[in-house]
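Note sheet for the following structure.
The values are calculated or read from the model by the stated rules, or taken from the named source; none is laboratory data. Keep in mind that what you see is a predicted model, and the values were worked out from it rather than measured. Note that we place each Cβ from the backbone using ideal geometry, even for glycine, and neighbour counts take in every protein chain shown. The accessibility values were calculated without ligands, DNA or RNA, using every heavy atom of the protein model including side chains. Shrake-Rupley method; radii C 1.70, N 1.55, O 1.52, S 1.80 Å.
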Number of protein chains: 2
Amino acid sequence: MQTLESLGYTVFFEENLSSLEDFIFQRQYSQILILVDRNTNDHCLPVLQAAMPSITDYDIIEIDPGEENKNIDFCIGVWKTMLDFGADRKALMINLGGGVVTDMGGFAASTFKRGIDFIQIPTTLLSQVDASVGGKTGIDLDNVKNIIGTFTQPQAVFISAKFLATLDERQIRSGFAEVIKHGLIQDRNFYEKCKDVELDTIETSMIKRSVEIKNDVILKDPTEQGLRKILNFGHTIGHAIEGYSLSNDRNPLLHGEAIAIGMICEGFLSYKLNGLSEVELEDLTTLFLARYSPYTYTSDQYDGFIEIMKNDKKNEDNKIGFALLKEIGNAEYNIYVDKNDIVEALDYYLSKTK
Amino acid sequence: MQTLESLGYTVFFEENLSSLEDFIFQRQYSQILILVDRNTNDHCLPVLQAAMPSITDYDIIEIDPGEENKNIDFCIGVWKTMLDFGADRKALMINLGGGVVTDMGGFAASTFKRGIDFIQIPTTLLSQVDASVGGKTGIDLDNVKNIIGTFTQPQAVFISAKFLATLDERQIRSGFAEVIKHGLIQDRNFYEKCKDVELDTIETSMIKRSVEIKNDVILKDPTEQGLRKILNFGHTIGHAIEGYSLSNDRNPLLHGEAIAIGMICEGFLSYKLNGLSEVELEDLTTLFLARYSPYTYTSDQYDGFIEIMKNDKKNEDNKIGFALLKEIGNAEYNIYVDKNDIVEALDYYLSKTK
Ligand SMILES: NC(=O)c1ccc[n+]([C@@H]2O[C@H](COP(=O)([O-])OP(=O)(O)OC[C@H]3O[C@@H](n4cnc5c(N)ncnc54)[C@H](O)[C@@H]3O)[C@@H](O)[C@H]2O)c1
Ligand SMILES: NC(=O)c1ccc[n+]([C@@H]2O[C@H](COP(=O)([O-])OP(=O)(O)OC[C@H]3O[C@@H](n4cnc5c(N)ncnc54)[C@H](O)[C@@H]3O)[C@@H](O)[C@H]2O)c1
Ligand SMILES: [Zn+2]
Ligand SMILES: [Zn+2]
């Protein structure tokens, strides 16, 4: 059995979720609710059911898949369904899905009757390596991502690489951007390993190392006072592009695709402002451009991007704060950056994709 | 200066809120948001402004007054306004109002960007003696009270009896039910004192002692594992009647009026099931009936009441849990009561008001 200890709970890495059934039985919940979206209902629920054959009495709550549904309307629907099912404070919520399901389900559970227990079973690579530790729950409002949420730890997280078998390659590629990020900010060797990975054969050991890097950062800074901000590398610009794409593109960028762009831009800022070498900037730019298709925007959009960044949670006192690399495998945070430099970074990405 | 220490924060009892301005300055907030309802905007905001003459830069968020507006729609409005005002994580929210404002404002603040600081300035007797300590935030959904919320402590609470000058006598009377409750569950002498109080001259010392009783209970049981449930005396039946009245009466019961009825009913249950003497049952029944007008319901409504009780947070494993008196000044909790006895208790109240 492979496990990691996070903030008061265990992350289990188990192909067959073999500890799950006992884990639930021991806690004597009054009731079990399983939150899925349509896709995880079809592809992942059977895996979960096979893993807990003795647990047959549960209620399913289903939401529509996709980031555009990670909103307060669906959340109200989830709350009302919990109410309809008569959930009490000893009920357990199992969130089975990608980050949309784990984030919204975590938020719904953490606020229903002022908080009931929940277990996260992330089923996308992205949610496995990123949403599995840290205790962030949340939903979007007016296209501002995760603007409403709580810090609440789950009772446990179960990660099985099996779920990835039914996931689009595009989704895996998106999640892989976070894996690369963990290498970039903390572990140069791991970053180098990422260069050779084939996306259809990602091993549990790779997922585990990625979670471990994030978890180590979180354990050093549980209340997000400082260090934890390095996990935002690529996310300040990435979130802005993601938000823009979500409201403007017919086929919007996935989270990881957006932060891959963000990491190129913020790589440039690291080079310009924080001592990252030109060679390393080129190395990471090349890696991302080889794996992720180019995206187009124009300078007309820059003001909009910067508006979104200003609304971003990492922003304080109206300045825009970044986490930037010092070198590959080493990141720093609380670097406040000018609008002009952000524009230059956005231009840099465009120049590389022409 | 009179203060109490609660869970990591101070409750200040100050006519003129004289420590408030310094308290805010010391913390260097990026921005100040003040949540009011229409009435506290008119009657209480001037008092607050006079108390912090050097703080002139703040944004006001106003909601409509009344329990029927303590809902997710207004909460979404509050969140969106916070977003429009560009609030960042270092913003402070001051909730200036009765329990509707402090509960909803506490919830909005505790979930905005995963939590910003807030200060509670309760302006009704009820919210001063009850909502001021305990860290409960919340809103109603589908007429189920406080079904969505968090446990989040404010940075401070400021209590001034001055605010009560503009409050309806009916509102004061309602809040006074909670004051009596604190006597009933913990302090027989204090209960006796309540008998002589004139509602237009409630003293700060009385408010303070009432808060102190609740605070002592909370400090002994910060995570609501047990003892804290005694604070629910009168509330299991009271909440059901309150919910019913809210959706059926043109002029619905106030919270305290409903729990006054609840305390008579649960006083009866205490007598029937938990050893409260008949003399003491009569004593408390007489006190409440002397102060609170009779309310009418019929046995047709009992099933509806019991349905609401089953949805109540104190309910576990589908049984209905009560806090009941052993004697005046001494309460016990986790007493699971049958539907039949609840019916008898509801009948008892009716028989006394005929
Ligand atoms: N809480 C955190 O710390 C944290 C960290 C990173 C990202 N997030 C959030 O996660 C979200 C993105 O997560 P995501 O990429 O997992 O998105 P997602 O939940 O939308 O999943 C992507 C798609 O894959 C489908 N899917 C999920 N698992 C599947 C499987 N095993 N087989 C087939 N289809 C499957 C989903 O239905 C969806 O259509 C964002 O909202 C982001 O804000 C949260
Ligand atoms: N969080 C807790 O621990 C806790 C405890 C008890 C009650 N509550 C909640 O509190 C709410 C009831 O509180 P409430 O009775 O204060 O209700 P409220 O906030 O609705 O206030 C009652 C009325 O008085 C007005 N008002 C408030 N202060 C005034 C003043 N100084 N002068 C003139 N008018 C004023 C309000 O606008 C409103 O119309 C309920 O929603 C209840 O669930 C919470
Ligand atoms: Zn991310
Ligand atoms: Zn109450």
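For this structure, a couple of remarks:
- Residue identified as within 14 Å of chain B (Cβ to nearest Cβ) and charged (D, E, K, R) among A:352, A:310, A:326: A:310
- Entry remark, the stretch A:79-122: residues being β-branched (Val, Ile, Thr) and within 13 Å of chain B (Cβ to nearest Cβ) number 3 in total.
- Residue in the stretch B:30-51 that is open to solvent by 40 Å² or more (accessible area, probe 1.4 Å) and part of a strand (DSSP E or B) present: no
- Residue among A:81, A:10 that is open to solvent by 10 Å² or more (accessible area, probe 1.4 Å), farther than 30 Å from residue A:202 by Cα and not assigned by TED's automatic domain parsing to the domain that holds residue A:219: A:81
- Residue list for the stretch A:132-175, restricted to those being near ligand 1 (Cβ under 9 Å from one of its atoms) and either of a type in the set (Phe, Trp, Tyr) or more than 14 Å from chain B (Cβ to nearest Cβ) (or both): A:132, A:133, A:162, A:163, A:164, A:165, A:166, A:167, A:168, A:171, A:174, A:175
- Among the conditions (1) more than 13 Å from ligand 1 (Cβ to nearest atom); (2) in a helix (DSSP H, G or I); (3) within 14 Å of chain B (Cβ to nearest Cβ); (4) not acidic (Asp, Glu), residue A:239 misses just one, which is (1).
- Residue tally, condition more than 14 Å from chain A (Cβ to nearest Cβ) and either modelled with pLDDT of 95 or more or open to solvent by less than 60 Å² (accessible area, probe 1.4 Å) (or both), over the stretch B:57-78: 12
- Tally, over the stretch B:180-199, of residues that are over 19 Å from residue B:289 (Cα atoms) and at pLDDT below 95: 0
- Only a single criterion out of (1) more than 30 Å from residue B:18 (Cα to Cα); (2) over 14 Å from the mean Cα position of the chain (by Cα) is not satisfied by residue B:242, namely (2).
- Some residue of the stretch A:274-284 being within 17 Å of residue A:349 (Cβ to Cβ), within 16 Å of ligand 3 (Cβ to nearest atom), buried (at least 18 other Cβ atoms within 10 Å of the Cβ) and not acidic (Asp, Glu): no
- Residue A:35 being within 20 Å of residue A:101 (Cα to Cα), hydrophobic (A, V, I, L, M, F, W, C), more than 14 Å from chain B (Cβ to nearest Cβ) and under 25 Å from the mean Cα position of the chain (by Cα): yes
- Residue A:162 being more than 14 Å from ligand 3 (Cβ to nearest atom), out of contact with any strand residue (DSSP E or B) (no Cβ under 8 Å at 6 or more places or on another chain), assigned by TED's automatic domain parsing to the domain that holds residue A:18 and not in a loop (DSSP other than H, G, I, E, B): yes
- One residue stands out in the stretch B:114-130 among those that are of a type in the set (A, V, I, L, M) and crowded, with 24+ Cβ neighbours inside 10 Å: the one that is nearest to ligand 3 (Cβ to nearest atom), namely B:119.
- For the stretch B:243-260, the set of residues classified as assigned to a helix (DSSP H, G or I) and open to solvent by 10 Å² or more (accessible area, probe 1.4 Å) consists of B:244, B:246, B:247, B:248, B:255, B:257, listed by residue number.
- Residue B:148 vs. criteria under 14 Å from residue B:98 (Cβ atoms), more than 15 Å from ligand 4 (Cβ to nearest atom) and either in contact with a Lys or Arg (Cβ under 9 Å, 6 or more places away or on another chain) or in the same structural domain as residue B:266 (by TED's automatic domain parsing) (or both): no
- Screening residue A:165 against (1) modelled with pLDDT of 95 or more; (2) touching a Phe, Trp or Tyr at 6+ places or on another chain (Cβ under 9 Å) leaves a single unmet condition, (2).
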